[in-house]
Structure formats: C-alpha cells, structure tokens
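What follows is a short report on a single structure.
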Amino acid sequence: MSAVLGAEYRDPVPRRILVFAYACEPGKGSEPGAGWTWARMLARMGDVCVVTRANNEDAIRGGVGGLPAGERAEFVYVDLPAWMRFWKRGERGVRLYYLLWQAAALRAARRLHRSRPFDAVWHVTLANAWMGSAGSLVGPRFVFGPVGGGIDLEWRFLPGLGARGIVFELGRALVRTCARYLNPLARLSWSRASLILVQNEQGRAWLPRRFRDKCVVFPNALLEGAERPRRGLPATAERRALFAGKLLPLKGVALAIAALDGAPGWRLIVCGDGPDRDRLAGVARSHGVADRVEWRGWVERAEVLRALRDEAEVFMFPSLHDESPAAVADAVGAGVPVLCTDTSGARVVAGGAAVVVPAPTPGAAVEGLAEALRARRWPAAEAVEARAAELQFDARVEALTALDPLGLHAVEAVG
C-alpha cells in the first residue's frame with residue numbers, strides 16, 4: 001500500500017531515491033525518529049520514496065501534514081503476514097523479524113524500481129552494519145547508513161554489568177563476530193555500497209579494511225527547532241548532573257552513580273526507566289549515595305529538556321557502546337555541556353560541547369568522572385552553542401549534500 005505525500009522539485013530532473021527505513025515515526029526518538037528525520041533530509045535532495053513498516057502508517061500520516069512540501073515523500077508500507085509476526089512483541093525477536101521484513105521490502109522495492117526506475121537506494125534504518133541491507137540488491141547506486149554496531153565493549157567492564165548485562169553482551173559479541181564473517185547480506189552491502197556512513201570512528205575500524213575508504217563518519221543524531229539555549233548555570237542550591245535514557249547495563253549509569261561517591265555536593269537526576277532500575281538502586285546504596293540519586297522515571301522529552309535547562313549543570317552519559325545517542329544532541333541543544341566516557345559515540349555527537357573521560361577500566365572511568373565533577377571545567381557556553389548550530393537539521397542537510405552521496409559531481413564532470 002502506498003500514499004503519495006507530495007514533493008517539491010528543486011532541479012529540472014530531480015534524483016529519485018528509494019529509502020529503506022524499517023523504523024520511521026515522527027515524534028519518536030532512537031531508530032524511529034532517525035528514520036523519519038532522514039527521510040525528510042533526503043527529500044531535500046531528490047524525489048524520495050520510503051519503504052517502511054505498515055504499522056508506521058498512522059503516525060506518518062499524522063506527522064506529514066506539518067511538513068513543508070520540500071520535506072515530503074512517498075511512503076510504501078510493507079509488512080509480513082499476521083501469522084509471521086504474532087510472536088514479535090516489543091523488542092523480542094526484532095532482529096529476526098527485521099531480516100524477514102527485508103525480504104518483503106526487497107520484493108516491493110524491485111517492483112517499484114521496474115515501474116519507475118530510481119537513481120539510488122539508501123538504507124537508513126535499522127542502522128546496523130553487521131545485519132546488512134536488502135537495499136543493496138535492488139540494482140541502482142547504493143548508500144548504506146548512517147550505520148552503527150561497530151563499538152566493542154572493553155571486557156574489563158563486564159563483571160560490573162550484572163547477570164542480565166553479562167548475558168546480553170556475550171550474546172551481542174557472538175552475533176556481531178559471526179555476522180562480520182558469515183553474513184552474506186552484510187558483506188554484499190559493504191561491497192556494493194558507493195558510500196557507507198558510519199556513526200563513529202569505531203564503526204569504520206570494525207569494518208574490513210578494504211571497505212574503509214568508502215566510509216565517512218556522519219552520526220544520525222541532530223537537532224530541530226531547538227529553543228534558545230540557556231546561558232550560564234541554573235540557579236539551584238546544589239550541583240546537579242542529569243542522565244536521560246532507558247536503564248540498561250550498557251548505558252553506564254552505574255559508573256555515574258559510583259562517581260558521586262568521589263564528588264561530594266553533587267546530585268544525579270535520572271530520567272528514564274528500564275530493566276536495570278533495581279540493580280542501579282542497589283549500586284547507589286552500596287556506594288552510600290542513595291540520597292543523592294533522584295529517580296524520576298520515564299518522562300516526556302519536553303520535561304527532560306526543561307530539567308536540562310532549569311536544573312542540570314551537566315549532562316552525564318557514560319554509555320559503554322551507544323552509537324549516536326539522540327539524548328546527547330538534546331542536551332547540547334539545551335545549552336548543557338556533556339560529560340561522557342570515550343567508550344561510545346556520545347563524544348562524536350557532542351563534539352566541542354563535551355568533556356571526554358578516558359575509560360580503559362571501570363575504576364579509571366569512575367575516577368575520571370568524579371574528577372570532572374569536582375573540577376567543573378566545562379566547555380564555554382559559546383562552544384556548546386556552536387556545536388548545537390552544527391547539529392541543526394539544515395546544517396546537517398548541507399553537510400550531507402557536500403558529500404555528494406548521489407554522485408552528481410561525478411556526472412557533471414563526465415558531462
């Protein structure tokens with residue numbers, strides 16, 4: 001099923017781009033938000049048709065009305081039969097379902113390409129390098145990404161993740177390793193791509209050496225219509241750091257809590273919930289800082305932004321392998337500096353707005369975070385605002401266009 005939502009032509013003969021975006025929903029974070037935002041970005045560059053899941057249709061139809069004509073696209077909705085998806089609930093089985101969905105998406109994409117040929121196929125979500133993309137099999141020029149999945153966990157952190165976290169990380173490591181060498185769809189995607197956008201340098205390094213020359217670091221996190229950022233620190237009686245995100249072992253919140261033990265006078269506000277919540281509360285008790293950790297649960301993004309502007313001196317994000325965290329971009333957009341470890345893509349997103357702590361071991365990470373809180377030497381407000389400007393939607397479209405992902409410069413040179 002498809003719905004044409006309009007397009008604005010910027011060139012006499014606009015490039016036709018077919019986009020694979022399994023996750024694509026307006027008003028959402030993470031993968032769904034990235035799929036929606038990137039569909040709009042690519043619509044600035046050509047005539048776009050997005051292949052996405054059927055369960056995204058209502059949200060897309062509700063969100064497209066507020067878009068300018070130049071950011072609208074055609075959407076084609078594809079899903080598996082009900083009997084093949086009854087077992088998928090939330091995140092359970094999502095990767096297997098995604099691989100099966102790609103087969104259906106490829107069938108639809110080839111049909112579309114036969115009827116109205118495309119100049120390029122662009123895979124946006126799921127943003128995972130080691131799972132590959134059926135978009136590479138459609139035929140035209142193929143662009144892959146931005147993709148993640150290349151950040152390795154330093155194994156010294158494993159014992160501090162709890163049983164759930166250890167099982168998850170061991171499974172992740174096994175699957176990634178097998179996929180790197182044995183997944184034919186991934187290797188075809190890397191080989192056939194004319195350009196691979198990676199979320200961070202670790203992603204480039206993880207790919208086989210012969211594919212790295214076609215890689216460009218280009219995280220998918222960005223800002224839209226951010227309010228005027230605050231200038232100066234909030235007028236609070238105590239120093240406050242804030243974390244926002246799903247409470248999972250990989251997020252490194254245990255490191256942030258442990259750092260409070262070495263940073264008297266600091267309080268940590270935690271906006272989020274998840275399966276690691278009870279374990280983290282135990283970590284706070286064991287370090288004697290339970291009275292300095294405030295659990296606010298899952299709150300709307302607008303409330304997180306308000307807390308950042310009005311309460312937080314710094315946004316603390318010591319994740320172990322987040323690829324391109326949108327929460328970090330939100331903090332920068334609110335004018336709040338970021339305190340992170342060098343173990344994830346947070347430092348790439350935050351850029352000059354970050355204080356980055358080396359984390360070769362858990363102990364070094366905790367001490368580095370605590371020292372940064374004690375020192376309070378944050379990037380200047382001007383540096384945070386400059387990074388926020390770089391992350392704005394229009395600026396990211398301009399940066400993406402400058403990469404010439406559709407090969408327009410090469411065509412012009414030949415002509």
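The values are calculated or read from the model by the stated rules, or taken from the named source; none is laboratory data. Note that the structure is a prediction, hence the values are computed from the model and not measured. All Cβ positions, even for glycine, are placed from backbone atoms using ideal geometry, and neighbour counts span all protein chains on display. Side chains included, ligands, DNA and RNA excluded: accessible areas come from the protein's heavy atoms. Shrake-Rupley method; radii C 1.70, N 1.55, O 1.52, S 1.80 Å.
Among (1) modelled with pLDDT under 95; (2) touching a Phe, Trp or Tyr at 6+ places or on another chain (Cβ under 9 Å); (3) not basic (K, R), which single condition is D310 missing?
In the conditions (1) modelled with pLDDT under 95; (2) touching a Phe, Trp or Tyr at 6+ places or on another chain (Cβ under 9 Å); (3) not basic (K, R), D310 misses (2) alone.
Take the conditions closer than 30 Å to L126 by Cβ, part of a helix (DSSP H, G or I) and modelled with pLDDT of 95 or more and apply them to A256. Does it pass?
Answer is yes for this residue.
For V304, state whether it is β-branched (V, I, T), at pLDDT 95 or above and part of a helix (DSSP H, G or I).
no
For the stretch 80-98, indicate whether the set of residues that are at pLDDT 85 or above, closer than 19 Å to A34 by Cα and not small (G, A, S) is non-empty.
yes
For the stretch 373-388: of the residues being exposed (fewer than 14 other Cβ atoms within 10 Å of the Cβ) and small (G, A, S), which is nearest to L42 (Cα to Cα)?
Here the answer is A380.
If you go through the stretch 112-123 one residue at a time, do you hit one that is open to solvent by less than 70 Å² (accessible area, probe 1.4 Å), at pLDDT 90 or above and under 20 Å from the mean Cα position of the chain (by Cα)?
Taking every residue of the stretch 112-123 in turn, at least one turns out to be open to solvent by less than 70 Å² (accessible area, probe 1.4 Å), at pLDDT 90 or above and under 20 Å from the mean Cα position of the chain (by Cα).
Sort through A359, A370, A350, A334 and tell me the only one that's touching a residue at least 24 places away in the same chain (Cβ under 8 Å) and surrounded by fewer than 24 Cβ atoms within 10 Å (Cβ to Cβ).
None of the other options fit; the residue is A370.
Considering each residue of the stretch 307-329, count those that are surrounded by fewer than 23 Cβ atoms within 10 Å (Cβ to Cβ) and part of a helix (DSSP H, G or I), and give that number.
3
Inspect the stretch 194-214 for any residue being in a helix (DSSP H, G or I), open to solvent by 10 Å² or more (accessible area, probe 1.4 Å) and aromatic (F, W, Y) and give the result as yes or no.
yes
When only residues in the stretch 337-347 that are of a type outside the set (V, I, T) and within 21 Å of E367 (Cβ to Cβ) count, which is most open to solvent (accessible area, probe 1.4 Å)?
R347
Out of all the residues in the stretch 176-183, is one or more in a helix (DSSP H, G or I) and charged (D, E, K, R)?
Yes, the stretch 176-183 has at least one match.
Hey, can you tell me all the residues within the stretch 337-346 that are modelled with pLDDT under 95 and either within 19 Å of E390 (Cα to Cα) or of a type in the set (K, R) (or both)?
Selection gives G345, A346.
Out of the stretch 26-41, which residues are within 14 Å of the chain's Cα centre (by Cα) and of a type in the set (D, E, K, R)?
Within the stretch 26-41, K28, E31 qualify.
Report the residue count in the stretch 162-185 for those that are open to solvent by less than 80 Å² (accessible area, probe 1.4 Å) and touching a Pro at 6+ places or on another chain (Cβ under 9 Å).
The number of residues fulfilling the criteria is 5.
Restricting the search to the stretch 92-125, which residues are outside any loop (DSSP other than H, G, I, E, B) and small (G, A, S)?
A103, A104, A105, A108, A109, S115, A120
In the set D58, D47, which member is among the charged types (D, E, K, R), without any contact (Cβ under 8 Å) to a residue 12 or more places away in the chain and open to solvent by 10 Å² or more (accessible area, probe 1.4 Å)?
Exactly one of D58, D47 is among the charged types (D, E, K, R), without any contact (Cβ under 8 Å) to a residue 12 or more places away in the chain and open to solvent by 10 Å² or more (accessible area, probe 1.4 Å), namely D58.
If you scan the stretch 174-203, which residues turn out to be among the hydrophobic types (A, V, I, L, M, F, W, C) and either within 13 Å of G135 (Cβ to Cβ) or touching a residue at least 24 places away in the same chain (Cβ under 8 Å) (or both)?
The answer is V175, A179, L185, A186, L188, W190, A193, L195, I196, L197, V198.
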